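Right, one structure below, let's go through it.
The values are calculated or read from the model by the stated rules, or taken from the named source; none is laboratory data. Since the model is a prediction, treat every value here as computed from it, not as a measurement. Note that each Cβ is placed from the backbone with ideal geometry, even for glycine, and that neighbours are counted across all protein chains shown. With ligands, DNA and RNA removed, areas are computed over all heavy atoms of the protein, side chains included. Shrake-Rupley method; radii C 1.70, N 1.55, O 1.52, S 1.80 Å.
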Amino acid sequence: MALITLRNLALAFGGPPVLEDINLVIEPGERICLVGRNGCGKSTLLKVVLGAIQPDSGTIERAQGLVVAALAQEVGRDDAGTVFQVVAGGLGDVGETLGAYETLSANLADEADLARLGRLQSELDRHDGWQLRQRVEATLSRLDLAGEPDFTSLSGGMQRRVLLARALVQEPDLLLLDEPTNHLDIEAIQWLEAYLPGYRGAILFVTHDRAFLQALATRIVQIDRGEATSWPGDYANYLRRKEEVLAAEMSAQNRFDKKLAEEEVWIRQGIKARRTRNEGRVRALEKLRRERAARRQQVGKAQLRMEVGAASGKQVIEAEDLCFSRDGRPIIRNFSTLIMRQDRIGIIGPNGCGKTTLIKLLLGALQPDSGSVKQGTRLAPLYLDQLRDSLDPAKSVVDNLGQGSEYVEVGGEQRHVMGYLQDFLFTPETARTPVGALSGGERNRVQLARLFTKPGNLLVLDEPTNDLDVETLELLEELLTDYSGTLLLVSHDRAFLNNLVTSTLVFEGDGLVSEYAGGYDDWLRQRDAPRQQSDVAPKVAKPVAKPTRAKLSYKIQRELEQLPLAVERLEQAIEGLHQKMADPGFFKQGREEVVAAERRLADLEAELAQAYARWEALEGAG
């Protein structure tokens, strides 16, 4: 039985609909990722499912006794107290009482405290509080959390883990996660990535982290132009099938436009044609015109271009025996590196380890305790974090970018501010909106728009991917790949690092920073390599005779001969289903037909995988 069913849901905030004709069914055990452009309505849909926002129209059917919980996107101002108190707070009033009891019982000072403890105990007795206490303790144990530490003293990653525990202690049937990896370091992301697949309830989540998405999602739901489209399978399957659907949609629109053009020619023919005009045909033309006017075009791609300054000297930065400490704790210890022009360097480490400190030391914004930093000639650094601080939330996007001028200079030519902002997917209405009213992803696009108007040959990006939708993130990757200057990149996005950097600086604890060739996956291989090497002297390998291949029986030989044909039939059936599902009208059918087709596709793909495995096994045996 479905946990929740949304039918013909629509919601607008005074302008074009954010959500329009949304139909979505969430089944037990599913892990569904919502994807789509910034501002398309993903977070809004999560709030509708949670019940925090009511739709303008449509129906929401919930399973009886359904429990829905959400992991907060940001740490709230009221999130304070011990870890036990914060987690118990997820149980409502009884949880608040339980948290107060635990704190008071550990800090009794006088008779008044003892009397208050008795009152809290009586309250818990009346509301089955002791059983709920066991639930809190079990949740803390499952997430490897201690209940005593003060919540505000924890790292950002540990705070997110505590907030997840507060959501899970409610034992929700459906867990909602809005950008759960934002501001987490790689270690925390990997913990979350390993924990969530074992969660027994359903998960509906939004993320820009492609590695996290690929590891977790069992279904993708795309929000595009106000409508939701379901894609069974993982993220890689979604990307492939999305291209097929967009091609089919473009083809259908071209046929529609051709038909409309032919009818427009007919209606404008001479007097003779008008005498015999078919009124039904005229009405059909009017309908075509209305459909064309109502068509919501696919949102275009951002057109990211960057101003690049004059080339720096060949040697960009040289650091030698760099040391820096804070409050007696080493942050950087005996670090040396040589950064050359066009190097692309990633910086990896836990939150609070000193990544930003290292950048400031290399740029000369901080002085080391010892050691030296030498910058090369003609160096013009651009630091994204500095621009974030300079955005005025009270001013519009246009005013923040133009600084009183109607034009900006990009790539040596003058561009009107409005036209330039359209390259970053800002409509004229949004461009006049105060920055403080924008979504996180939209604010990030403003920051990138400002950055790309400034000439520079050393680009320093501190977590540039936070809140960006996946498509804009991939376009940013393309831009940085073509960037002719030098790049320093702080990021927890593993795919982003793998696709961009040529070497990686890794904080490995106690102020030690090591350099590795390649991206994130390359670092993992190099880091783990010593563990795989034996300490004993290598043995001389003896030549091994090739095993004699056994002669296959007649039955097995026949099976092997038939397998290529079976594989071909399965691939044709899968391709036929893909084409059927690529039809724009496919998901407007009844839910039963859509679910049946999705299950049939999953069965065929599983059968194809088994056939390939059997083929490989028989080939190896023969």
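Quick notes on this one:
- Backbone geometry of region 412-422 corresponds, through the Karplus equation with coefficients 6.51, -1.76 and 1.60 at θ = phi - 60°, to 3J(HN,Hα) couplings of x, 10, 7, 10, 5, 4, 4, x, 5, 5, 5 Hz, x marking Gly and Pro.
- The listed residues MET581, MET158 rank as MET158, MET581 when sorted by accessible area, largest first, using a 1.4 Å probe.
- Rolling a 1.4 Å probe across all protein chains gives TYR235 an accessible area of roughly 20 Å².
- Exposure of CYS353 as accessible area (Å², to 10), given a probe of 1.4 Å and all protein chains: 20
- Local electrostatic count at ALA602 - Lys and Arg +1, Asp and Glu -1, tallied over other residues with Cβ under 14 Å: -3
- Over region 432-490, accessible surface divided per residue gives 26 Å², non-protein components excluded, 1.4 Å probe.
- With the whole protein complex present, HIS127 retains an accessible surface near 90 Å², based on a 1.4 Å probe.
- Calculated Rg and Dmax of region 73-154 using C-alpha coordinates, Å: 12.9, 41
- Convex hull of alpha carbon positions in region 117-189: directionally averaged projected area 6.2 nm².
- Over 23 Å (Cα to Cα) - which of LYS42/LYS355; LYS42/LYS258; LYS242/LYS580 fall in this group: LYS42/LYS355; LYS42/LYS258
- The distance separating the Cα centre of region 345-403 from that of region 414-454 comes to 21 Å.
- The phi-based Karplus calculation (6.51 cos²θ - 1.76 cosθ + 1.60; θ = phi - 60°) puts the 3J(HN,Hα) values of region 83-96 at 4, 4, 4, 5, 5, 4, x, x, 9, x, 4, 5, x, 4 Hz, whole numbers, x for Gly and Pro.
- Between ILE203 and GLU30, ARG31, ILE32, LEU175, the built amide H atoms are under 5 Å apart, and every one of these is 5 or more places off in sequence or on another chain.
- Summed residue charge, Cβ within 10 Å of SER372's Cβ, Lys/Arg positive, Asp/Glu negative: -2
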